[in-house]
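These notes are about the structure you will find just below.
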Amino acid sequence: YRRRLLRGDTVFRAGQPFRKLFAVRLGHVMTCRSDHRGERYVTGFQMAGDMLGMDAIGNGEHASTAIALEDSEVCEISYVRLQRLMVELPRMMEHFHRMMSREISQDQSAIRFLGILRADERLANLVLNLPARYATRGFSPRRFHLRMSRDDMARHLGLTLETVSRVLARFREQKLIRLDRRELEILDMRQLETLAAGTDRGLAR
């Protein structure tokens with residue numbers, strides 16, 4: 001079942017019972033949660049080909065809220081039906097397990113963002129992660145449109161909005177990127193990769 005979404009529409013909300021998985025067919029979606037103080041933080045940005053809702057399989061309810069960042073489309077997949085198909089089609093089960101493994105890996109990377117990395121290193125990781133994912137889908141790995149706001153980026157990286165704006169400005173000054181509103185072009189891939197790896201601590205904070 002295909003479901004169309006307008007920008008700002010909710011795919012599912014935290015606390016809702018888990019019955020379906022959602023495959024992003026078109027557009028971009030953001031998942032977010034709230035902490036004990038009610039402060040929202042962003043757990044991930046999903047694009048065409050990504051699956052939503054797998055974190056709800058364990059406890060039977062969605063732990064996050066998924067919101068469309070632009071006009072999008074998702075395919076709703078009944079989990080009960082999917083389980084039956086996986087029994088009948090072992091290759092589908094293998095594919096599903098690969099997707100779960102990829103999501104776990106992405107979650108571990110997100111934890112790393114909030115741990116040992118500086119602000120500029122966190123942002124460099126995000127700037128590189130997006131085009132890498134676009135490249136696997138046949139799009140340019142150097143020029144793309146940022147679907148998320150700077151506030152969304154800040155909430156994802158555990159930074160303030162002011163810090164994200166300041167670091168992006170520094171990246172422009174250092175000619176690592178070109179940024180016009182939300183149109184971003186990577187100018188120095190090698191330096192960004194060095195920064196993202198945390199091996200060049202010489203760059204100013």
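The values are calculated or read from the model by the stated rules, or taken from the named source; none is laboratory data. Given the structure is predicted, the values throughout are model-derived calculations rather than measurements. Cβ atoms come from the backbone with ideal geometry, glycine included; neighbour counts cover every protein chain shown. What goes into the accessible areas is simple: the full protein's heavy atoms, side chains included, and nothing from ligands, DNA or RNA. Shrake-Rupley method; radii C 1.70, N 1.55, O 1.52, S 1.80 Å.
How much length is gained if the chain between residue 14 and residue 83 is pulled fully straight, taking 0.36 nm per residue apart and subtracting their Cα-Cα distance, in nm to one decimal? Show your work: numbers first, answer last.
Numbers: separation 69, 0.36 × 69 = 24.84 nm, distance 2.29 nm.
Full-extension gain reported as 22.6 nm.
Stretching the chain fully between residue 190 and residue 145 yields a gain of 14.1 nm (0.36 nm per residue, less the alpha carbon separation). If only the Cβ of Lys and Arg carry +1 and only the Cβ of Asp and Glu carry -1, the dipole of the range 45-96 around its Cα centre is close to 320 debye.
Taking amide H as placed 1.01 Å from N in the peptide plane, the amide H of residue 9 sits under 5 Å from that of 68, each at least 5 places away or on another chain.
Amide H to amide H, with H built 1.01 Å from N, residue 61 comes under 5 Å of 18, counting only residues 5 or more places away or on other chains.
Summing charges over all other residues whose Cβ lies under 12 Å from the Cβ of residue 5, with Lys and Arg as +1 and Asp and Glu as -1, gives 0. Each of the peptides 165-175, 79-89 was scored by the mean count of other Cβ atoms within 10 Å over its residues; in descending order, highest first, they stand as 165-175, 79-89. Its Cα gyration tensor gives the chain an equivalent ellipsoid, and the semi-axes of that ellipsoid, as √(5λ) in whole Å with the largest first, are 32, 18, 17. Surface composition of the chain: carbon plus sulfur atoms contribute 50% of the solvent-accessible area (1.4 Å probe, protein chains only, all chains present). When only Cα pairs below 8 angstrom with a gap of at least 6 residues are kept, the chain shows a relative contact order of 20 percent.
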